[in-house]
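What follows is a set of notes on a single structure, which appears directly below.
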Amino acid sequence: MLSDRLVAAGFIRPGVLCRGLQLGRPSLSRWSVSLPIVLSGVAVEPLAWLQSLVYSQQLNRVVLPSDPIVVIGHWRSGTTYLHQLLACDPTIATARNSLTVAPQVALLLKPWLRSLLQRAMTSQRPIDAVPWGPDDPQEDELGVARLTMDTNMAGMAFPRAYPFHFRRSVLGSTRSFERHWLRFTRMTWLHDGGGKSQLLIKNSVHTARVPLVLRHFPRARFVLLRRQPIDSIRSLVQVKQRLAMLVGLQTSPDPVVQVEETVAAHRQLLQAFEDARDLIPAGQLIEVQYDDLVHHPEQVLRRLYEGFALPSWPQAVGPIRTRIAQAGSYQADAVALPRDAERRLGELMNRP
């Protein structure tokens, strides 16, 4: 439990925690969660200053690929699986657990952190039993959340204020987030980009940040995952409940409230994408259905490589097939909501 908690939310910089206390108040009953999160961030802060001193000029000189692949779509729509498959390509750099766990020191301590995670990480993600390890890809929001409070993860830390943080950091954005996101993306390239030519970014929140992404990467190529809304929402409610237990600084809301908030957020996220869809230049968006990815992953990957004219299929197809074979033994956790929450979900989804 402790190692999972630190991988998911530990090593947050002290200034970020102070900002969090201005936006919400932890529950006293959650002190056992708060304490390791606070202490881990304080413990590595001197090394964070050292990394900033050592790597500042290198980060400023980083030239990122102008045409990253950006995986978007509502949570629980297959974005993680697609990210895992694409990250098998040896020419592609992406954020990995050994970076997102503590980006402020991950460049300085790269071998040590990776070795520590190999020994400490559980073999499966605590939220959904997906296999994971230090070299597995991770969405950039988890890394940026260590550097600024202006991310969707604030709503996981303060689950009783989820709608507030969703409006502030998903439907809206701040200069702090933009600055830290760009710096984290440069960190990703330094951390994983040696000898590589392509950049891969995965983040469901970027579904609502298309204008921001295009402002910095006008040639970005988007892959939008789609799944039946009720299945995606039901699964996310369960994940949010588990995250609240794992890293929440407040007690979890009632499941019915979680359902109501998640249904509203689902609609707002996808509407934000539709509002920005026309900004994406022709040929820079491919949509993928969840069922197609689950049942025909190699065909989906081949379509993406052909659609975006990616040249690395010959190098990537072997590792991708190996990862697909490994996924064949994965048993997804059953998704089951309390009866009153399931009834409320049905009512909301049946409304026009």
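When the helices (runs of 4 or more DSSP H) confined to region 76-185 are screened for residues that are charged (D, E, K, R) and crowded, with 18+ Cβ neighbours inside 10 Å, those reaching at least 2 such residues are found at 140-144.
Just one of the listed residues (Trp31, Trp49) is open to solvent by 30 Å² or more (accessible area, probe 1.4 Å), within 27 Å of Phe158 (Cα to Cα) and without any contact (Cβ under 8 Å) to a residue 40 or more places away in the chain, and it is Trp31.
Taking only region 234-244 into account, find how many residues are hydrophobic (A, V, I, L, M, F, W, C) and in contact with a Phe, Trp or Tyr (Cβ under 9 Å, 6 or more places away or on another chain). Walk me through how you get there before you give the answer.
Applying the first criterion (hydrophobic (A, V, I, L, M, F, W, C)) to region 234-244 yields 236-237, 239, 243-244.
Narrowing further to those that are in contact with a Phe, Trp or Tyr (Cβ under 9 Å, 6 or more places away or on another chain): 236, 239.
Qualifying residue count for the region: 2.
Would you point out which residue out of Asp140, Asp89, Asp150, Asp136 is more than 28 Å from His266 (Cβ to Cβ), acidic (Asp, Glu) and either touching a helix residue (DSSP H, G or I) at 6+ places or on another chain (Cβ under 6 Å) or at pLDDT 95 or above (or both)? When all the criteria are applied, what remains is Asp89.
Within region 265-293, the residues that satisfy the criterion of being closer than 10 Å to Ala208 by Cβ and either touching a Gly at 6+ places or on another chain (Cβ under 7 Å) or open to solvent by 30 Å² or more (accessible area, probe 1.4 Å) (or both) are Gln268, Leu270, Gln271, Asp275. Just one residue in the set Pro65, Pro111, Pro103 is touching a strand residue (DSSP E or B) at 6+ places or on another chain (Cβ under 7 Å) and farther than 29 Å from His295 by Cβ; that residue is Pro65. Taking the conditions (1) open to solvent by 60 Å² or more (accessible area, probe 1.4 Å); (2) closer than 24 Å to Leu190 by Cα in turn, Tyr55 satisfies each one other than (1). Checking the conditions here, which among Arg209, Arg242 is open to solvent by less than 20 Å² (accessible area, probe 1.4 Å) and closer than 26 Å to Val16 by Cα? Among Arg209, Arg242, only Arg209 is open to solvent by less than 20 Å² (accessible area, probe 1.4 Å) and closer than 26 Å to Val16 by Cα.
The values are calculated or read from the model by the stated rules, or taken from the named source; none is laboratory data. Computed from a prediction, not measured in an experiment: that's the story for all the values here. With ideal geometry, Cβ positions are generated from the backbone for all residues, glycine too; neighbour counts draw on all protein chains shown. Ligands, DNA and RNA are stripped out before the accessible areas are found, and what is left, the full protein with its side chains, is counted by its heavy atoms. Shrake-Rupley method; radii C 1.70, N 1.55, O 1.52, S 1.80 Å.
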